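Novice: Next up is a structure, given as C-alpha cells.
The values are calculated or read from the model by the stated rules, or taken from the named source; none is laboratory data. Because the structure is predicted, anything quoted here is derived from the model rather than measured. Methodologically, a virtual Cβ is constructed for each residue, glycine included, from the backbone with ideal geometry; neighbour enumeration extends over all protein chains shown. Side chains are part of the model used for accessible areas, which takes the heavy atoms of the whole protein and leaves out ligands, DNA and RNA. Shrake-Rupley method; radii C 1.70, N 1.55, O 1.52, S 1.80 Å.
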Amino acid sequence: MVGGELGSPGEVSRALPAMLQTLRPLWRDCPCDFLADSRSSGAEHLQAIEQAGFTHGSVSYNQWTTGPERTAAALPRSAWSPATQTRWRDGVEVTEQYAGIRHTVAGSDFTFPLAVARWKKDDQMFWRYAFVAHDPRRTDAGAVMARHRLKGARE
C-alpha cells in the first residue's frame, strides 16, 4: 500500500522486487511480517521477499503444485503432525495434518521451504494439500499455516 501508485499499474506483482528494495527502510528496525497471495510465488518474487529483511514472510503457493504434491504424498507418516479435527469457517469438519518440505521453483537455482497442510473430510479417501512458502527461520509448519491464514481474514 505504501508503494502504491495512482492509475493502472498493470500486473502489480511485477513491481514487487523493486518496491521491496525501495521501501525496505520502513521495516528495517521493527518486527514486520510479509503475507502474500500466490501471484508473488515466482522465483524472482520469493527471492526478493526473502532478501527484504522481514521478521517473517509467507506466500500462498498454489499455482504450480504438481511437484510439491508428489513430494508431500511420499512423506512417511512420521513426518506429519498428529491428526487433528478442525472446523473451517464454513462449518465443515476435516482431519488436518502439517509437515514441511523444500522445493525448487522452475527457473530458480535455490530451494525454499514450504509448509504443507493436508486435509480430508471423513467421507473422503484422498488427502488434499495446501502450500505456503515461508522464511527459512521458521520450522513449525502448523504455526506457519496458522499465521498465514491471518492474511485471508484481512482480505
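Novice: Scan segment 112-126 and give yes if some residue there is under 19 Å from the mean Cα position of the chain (by Cα) and open to solvent by 70 Å² or more (accessible area, probe 1.4 Å), otherwise no.
Specialist: no
Novice: With respect to ALA130, is the statement that it is in a helix (DSSP H, G or I) and either within 20 Å of GLY42 (Cβ to Cβ) or open to solvent by 30 Å² or more (accessible area, probe 1.4 Å) (or both) true?
Specialist: Spelling it out, it is not the case that ALA130 is in a helix (DSSP H, G or I) and either within 20 Å of GLY42 (Cβ to Cβ) or open to solvent by 30 Å² or more (accessible area, probe 1.4 Å) (or both).
Novice: Filtering segment 114-124 down to residues that are without any contact (Cβ under 8 Å) to a residue 40 or more places away in the chain and not in a loop (DSSP other than H, G, I, E, B), which residue is farthest from ASP135 (Cα to Cα)?
Specialist: Checked segment 114-124; the qualifying residue farthest from ASP135 (Cα to Cα) is LYS120.
Novice: Here are some residues: THR71, THR139. Which one is loosely packed, with under 14 Cβ neighbours inside 10 Å, closer than 30 Å to ALA48 by Cβ and at pLDDT 85 or above?
Specialist: THR139
Novice: Report every pair of residues separated by at least 6 positions or lying on different chains whose Cβ atoms are under 6 Å apart, first residue within segment 97-111 and open to solvent by less than 30 Å² (accessible area, probe 1.4 Å), second assigned to a loop (DSSP other than H, G, I, E, B) and modelled with pLDDT of 85 or more.
Specialist: Correct list of pairs: GLN97/TRP80; GLN97/SER81; GLN97/ALA83; ALA99/LEU75; ALA99/TRP80.
Novice: Further, regarding this structure: Yes or no: ALA18 assigned to a helix (DSSP H, G or I), exposed (fewer than 15 other Cβ atoms within 10 Å of the Cβ) and of a type outside the set (Phe, Trp, Tyr)?
Specialist: Criteria met by ALA18.
Novice: I've got another one for you. Considering every residue within segment 74-81, establish whether at least one is within 28 Å of PRO25 (Cβ to Cβ), aliphatic (A, V, I, L, M) and open to solvent by 30 Å² or more (accessible area, probe 1.4 Å).
Specialist: no
Novice: Kindly indicate which of ARG87, ARG138, ARG70 is under 29 Å from CYS30 (Cα atoms) and either charged (D, E, K, R) or more than 19 Å from the chain's Cα centre (by Cα) (or both).
Specialist: Unique residue meeting the criteria: ARG138.
Novice: Right, here's the next one. With respect to THR55, is the statement that it is among the β-branched types (Val, Ile, Thr), touching a strand residue (DSSP E or B) at 6+ places or on another chain (Cβ under 8 Å), modelled with pLDDT under 85 and surrounded by fewer than 17 Cβ atoms within 10 Å (Cβ to Cβ) true?
Specialist: When the stated conditions are applied, THR55 passes them.
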